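Visitor: Sharing a structure below in structure tokens format, with a few things to ask.
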């Protein structure tokens, strides 16, 4: 029984798999071409967002029992095709919830008080107190699009800040700390909007030029979910027009977003897809992934 680790994985998780009597090949930098050549040897692979598991690779995986995604999103895997071949597709949906929720709340503060822009100004030797008049989060309305684990965790934290939470999710209509409304009502009433949905055909460019026109003037937008949900060209125009007062992005349609005009705008702040990037979350993801690998291989 052999497992291939295709992306960087917590060393303690690898050790746990080995201690269960399973052989592990740890190749965290494996290229797509190299993976295609050796995939037939393995009963299970562990991937993160870097490694894409598409139909041609699955066709080569003649001994594969399971694909374990150490993380939440499954958009990098052709799930239905894999399952049609009898391959389990597993992920670790709850392990990184807290980390992503906390980054989202951090972005709420950063947008309200323009913390990154003030830091740049100070580094340039400036003292621009009047320029950086901010506002409080207390009493503001937060629109949460996608009210799964992470969306609900954000709502719980925002509630503690005195914010009023609106929620929209086509599959959920009840949760603590959230008033559920239609998408159009959420867009119209929210001072901040945060996205926590998977990127699918249904959600592709859900936030487009038409959606921006339904929002309040000066709305702030956060995306720590998935790239592709926002039409980035439409976002750029909405920022240029002043319709959107600020945007905080952890995910992008193309990663990295090389040459994106968004980062030519002072109103945009961002991070390199690090929502789950805490030591604690990585350890939890690794632990859960190890448990799922062991169960899948030994079943």
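Rule-based calculations on the coordinates, nothing more; no lab input. These numbers were taken from a predicted model, which means no experiment stands behind them. Cβ sites come from the backbone with ideal geometry, for glycine too, and all protein chains shown count toward neighbours.
Visitor: Rg over Rh of the chain, using C-alpha atoms and the Kirkwood radius, what does it come to?
Guide: That ratio equals 1.02.
Visitor: Hey, what number do you get for the chain at 222 nm if only DSSP H runs of n ≥ 4 count, each worth -39500 (n - 2.57), divided across all residues, to the nearest 500? Before the final figure, lay out each step's value.
Guide: Working: 11 runs with 108 residues, N = 299.
Mean residue ellipticity, 222 nm, calculated: -10500 deg cm²/dmol.
Visitor: Rounded to the nearest 0.05, what FRET efficiency do residue 183 and residue 280 have when you use their Cβ-Cβ distance and R0 = 41 Å? Please report the intermediate quantities before stating the final value.
Guide: Working: r = 33 Å, r/R0 = 0.81.
With R0 = 41 Å, the Cβ-Cβ based efficiency is 0.80.
Visitor: On to the next question. Taking only Cα atoms, what is the 0 to 90° angle, nearest 10, from helix 149-160's long axis to the longest principal axis of the chain?
Guide: Once rounded, the angle reads 30 degrees.
Visitor: Something else about it: Can you tell me the Rg and Dmax of the range 47-97, counting just the alpha carbons, in angstroms?
Guide: Using the Cα atoms of the range 47-97, the pair Rg, Dmax is 10.6, 34 Å.
Visitor: Would you mind checking the tilt of helix 279-298 against the longest principal axis of the Cα atoms of the chain, expressed as 0 to 90 degrees and rounded to 10?
Guide: The helix 279-298 is inclined about 30 degrees to the chain.
Visitor: At 0.36 nm per residue, and after removing the present C-alpha to C-alpha distance, how many nm does the segment from residue 204 to residue 40 gain when stretched out fully?
Guide: Once the chain is fully extended between residue 204 and residue 40, it gains 55.7 nm.
Visitor: Measure off 7 Å from each Cα along the Cα-to-Cβ vector at residue 138 and residue 233, then give the distance between these two points in nanometres to one decimal.
Guide: 4.4
Visitor: What is the angle, in °, between the Cα long axis of helix 97-113 and the longest principal axis of the Cα atoms in the chain? Nearest 10 is fine, range 0 to 90.
Guide: 20
Visitor: What's the ranking of 158-170, 31-43 by average number of surrounding C-beta atoms within 10 Å, highest first? Intermediate values should be presented prior to the final figure.
Guide: On the way: 158-170: 18.7, 31-43: 14.5.
Descending mean neighbour count gives 158-170, 31-43.
Visitor: Another one. Which whole number in µm²/s is D for the range 97-270 by Stokes-Einstein, with the Kirkwood Rh taken over Cα pairs at 25 °C and 0.890 mPa s?
Guide: The estimated diffusion coefficient comes to 151 µm²/s.
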